[in-house]
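Here's the structure we're looking at; comments come further down.
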């Protein structure tokens, strides 16, 4: 019998509270690296170009892609909570190395920052493999949507205020020492995540030999899980680069100031806040099928909208900002829906590998999207600009166009999702 069944209502409520607080501590560093312009700005101040800055947003996804499945065995050996403790400790040290890089390594600081970002990325598979199985110990199926929506609403609210506050403090040309302090403090908050994770209930399992390949085969044979994972991977190919590319486009092509880009990243988070606030309600009203379809179509429109905003477009920076805010809102609903669906597809006894397999597919899409975009920009593969009627289309806009086309092709993969085509005989614990 699972821990979820044995807990009282008061214990479940306390577990949800502890899980939410752990997310609030852990998300500051995570969003600073993945979803805000702080690290991008830091690298640009250290002499990194657009290619280098965009690459910093993909290193975590590369680590995910390579290590999520192999680390499932380590998670099983260490246990869920010890895995989280080790991940948080290494993550904190990685952020501190990023903060100290200019003081200790001079001209090589940007490479140390990139290495620190990769080091932090290495810890995320160890943490993520433990996160969903820990949640499954106390979350009922009907509680998933509201829990993920509330939790992510709170951590995006926290980060939006932090990021916009940072944008107001640092000014148009921030001093490097100020950025170092910000990154150092963000690293220290990671240990708060560990403190509250240790308070969560955990199912007592007898020690047993973990057969990695057997677990992986079981996950792959779960047809709905495999179809859903491949679909999200393909969506990520087009969707994952929109926000970081938008920030770099604003800074490098539209020549928006450093502080303004950071503030815009905070506004993007405000869009996510609204999305997480309404996500559980949207999921209840529309259901998984129509949330996925509506969000996917919206991503296509947003990508083409960014493509249409060139230098000659009146109020281009403001329009891009609005599009990024809308992306945050829609992506929040999409994310909550995906998390609920993943838990519905997780077979009892194979939850660590289910999480690892799904997230490997997701992070493969993200890393190929952002890493490939970075390499394309750096190699000069695309023309700096090309004419379209009376307009000049930049290489950044070309990438937005390619992202939109990839998302259009991804519509074909909706039929792989059990919530869209439900005639399956595999395991599926619906809401």
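The values are calculated or read from the model by the stated rules, or taken from the named source; none is laboratory data. Every value quoted in this text rests on a predicted model; they were computed, and no experiment measured them. Heads up, the Cβs are rebuilt from the backbone with ideal geometry, glycines too, and the neighbour counts pull from every protein chain shown.
Check off (1) over 21 Å from residue 140 (Cβ atoms); (2) out of contact with any helix residue (DSSP H, G or I) (no Cβ under 8 Å at 6 or more places or on another chain) for residue 285 and give me the number that stays unchecked.
(1)
Mind listing whichever residues of the range 149-187 are outside any helix (DSSP H, G or I) and surrounded by fewer than 14 Cβ atoms within 10 Å (Cβ to Cβ)? I'd like the intermediate steps shown before the answer.
Quick first cut of the range 149-187, residues outside any helix (DSSP H, G or I) only: 171-175.
Hits for the range 149-187 are 171, 172, 173, 175.
Is it true that residue 371 is surrounded by fewer than 15 Cβ atoms within 10 Å (Cβ to Cβ) and modelled with pLDDT under 80? First the steps, then the outcome.
On the way: surrounded by fewer than 15 Cβ atoms within 10 Å (Cβ to Cβ): no; modelled with pLDDT under 80: yes.
Considered against the rule, which asks whether it is surrounded by fewer than 15 Cβ atoms within 10 Å (Cβ to Cβ) and modelled with pLDDT under 80, residue 371 comes out as no.
Taking residue 99, is it assigned to a helix (DSSP H, G or I), closer than 18 Å to residue 31 by Cβ and over 21 Å from the mean Cα position of the chain (by Cα)? Please lay out each step first, then the result.
Details: assigned to a helix (DSSP H, G or I): yes; closer than 18 Å to residue 31 by Cβ: yes; over 21 Å from the mean Cα position of the chain (by Cα): yes.
So residue 99 fits the description; yes.
In the set 335, 265, 280, which member is in a helix (DSSP H, G or I) and surrounded by fewer than 21 Cβ atoms within 10 Å (Cβ to Cβ)?
Working: 265 fails: surrounded by fewer than 21 Cβ atoms within 10 Å (Cβ to Cβ); 280 fails: surrounded by fewer than 21 Cβ atoms within 10 Å (Cβ to Cβ).
From the options 335, 265, 280, the qualifying one is 335.
Select, from 320, 330, 376, the only residue that is within 19 Å of residue 233 (Cα to Cα), in contact (Cβ under 8 Å) with a residue 12 or more places away in the chain and assigned to a helix (DSSP H, G or I).
Numbers: 320 fails: within 19 Å of residue 233 (Cα to Cα); 376 fails: within 19 Å of residue 233 (Cα to Cα).
None of the other options fit; the residue is 330.
Kindly list, by first and then second residue, each pair from a residue in the range 277-301 that is within 23 Å of residue 227 (Cα to Cα) to a residue that is surrounded by fewer than 17 Cβ atoms within 10 Å (Cβ to Cβ), limited to pairs with Cβ atoms under 6 Å and residues at least 6 apart or on different chains.
Sorted first by the residue in the range 277-301, then by its partner, the pairs are 300/408.
Going through the range 339-358 one residue at a time, which ones are assigned to a loop (DSSP other than H, G, I, E, B) and in contact (Cβ under 8 Å) with a residue 60 or more places away in the chain?
346, 347, 348, 350
Answer yes or no as to whether residue 111 is at pLDDT 85 or above, surrounded by fewer than 20 Cβ atoms within 10 Å (Cβ to Cβ) and either under 14 Å from residue 59 (Cα atoms) or touching a helix residue (DSSP H, G or I) at 6+ places or on another chain (Cβ under 7 Å) (or both). Outline the logic, then answer.
Working: at pLDDT 85 or above: yes; surrounded by fewer than 20 Cβ atoms within 10 Å (Cβ to Cβ): yes; either under 14 Å from residue 59 (Cα atoms) or touching a helix residue (DSSP H, G or I) at 6+ places or on another chain (Cβ under 7 Å) (or both): yes.
So residue 111 passes the test.
Assess whether residue 361 counts as being modelled with pLDDT of 85 or more, over 25 Å from residue 67 (Cβ atoms) and assigned to a helix (DSSP H, G or I).
Judged against the criteria, residue 361 is not a match.
Within 22 Å of residue 272 (Cβ to Cβ) and at pLDDT 85 or above - does that describe any residue in the range 249-257? I'd like the intermediate steps shown before the answer.
Of all residues in the range 249-257, those within 22 Å of residue 272 (Cβ to Cβ) come to 249-251, 256.
The next check asks that each one be at pLDDT 85 or above; those that pass are 249-250.
Among the residues of the range 249-257, at least one is within 22 Å of residue 272 (Cβ to Cβ) and at pLDDT 85 or above, which makes the answer yes.
Here is a yes/no grid of residues against (1) under 23 Å from residue 265 (Cα atoms); (2) modelled with pLDDT of 85 or more; (3) out of contact with any strand residue (DSSP E or B) (no Cβ under 8 Å at 6 or more places or on another chain):
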| residue | (1), (2), (3) |
| --- | --- |
| 125 | no, no, yes |
| 130 | no, yes, yes |
| 135 | no, yes, yes |
| 141 | no, no, yes |
| 146 | no, no, yes |
| 155 | yes, no, yes |
| 172 | yes, no, yes |
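Which one of these is at pLDDT 85 or above, out of contact with any strand residue (DSSP E or B) (no Cβ under 8 Å at 6 or more places or on another chain) and surrounded by 21 or more Cβ atoms within 10 Å (Cβ to Cβ): 230, 241? Reasoning before the result, please.
Numbers: 230 fails: surrounded by 21 or more Cβ atoms within 10 Å (Cβ to Cβ).
Exactly one residue qualifies, and that residue is 241.
Identify, from the list 31, 54, the residue that is outside any loop (DSSP other than H, G, I, E, B), modelled with pLDDT of 70 or more and surrounded by 21 or more Cβ atoms within 10 Å (Cβ to Cβ).
On the way: 54 fails: modelled with pLDDT of 70 or more.
Exactly one residue qualifies, and that residue is 31.
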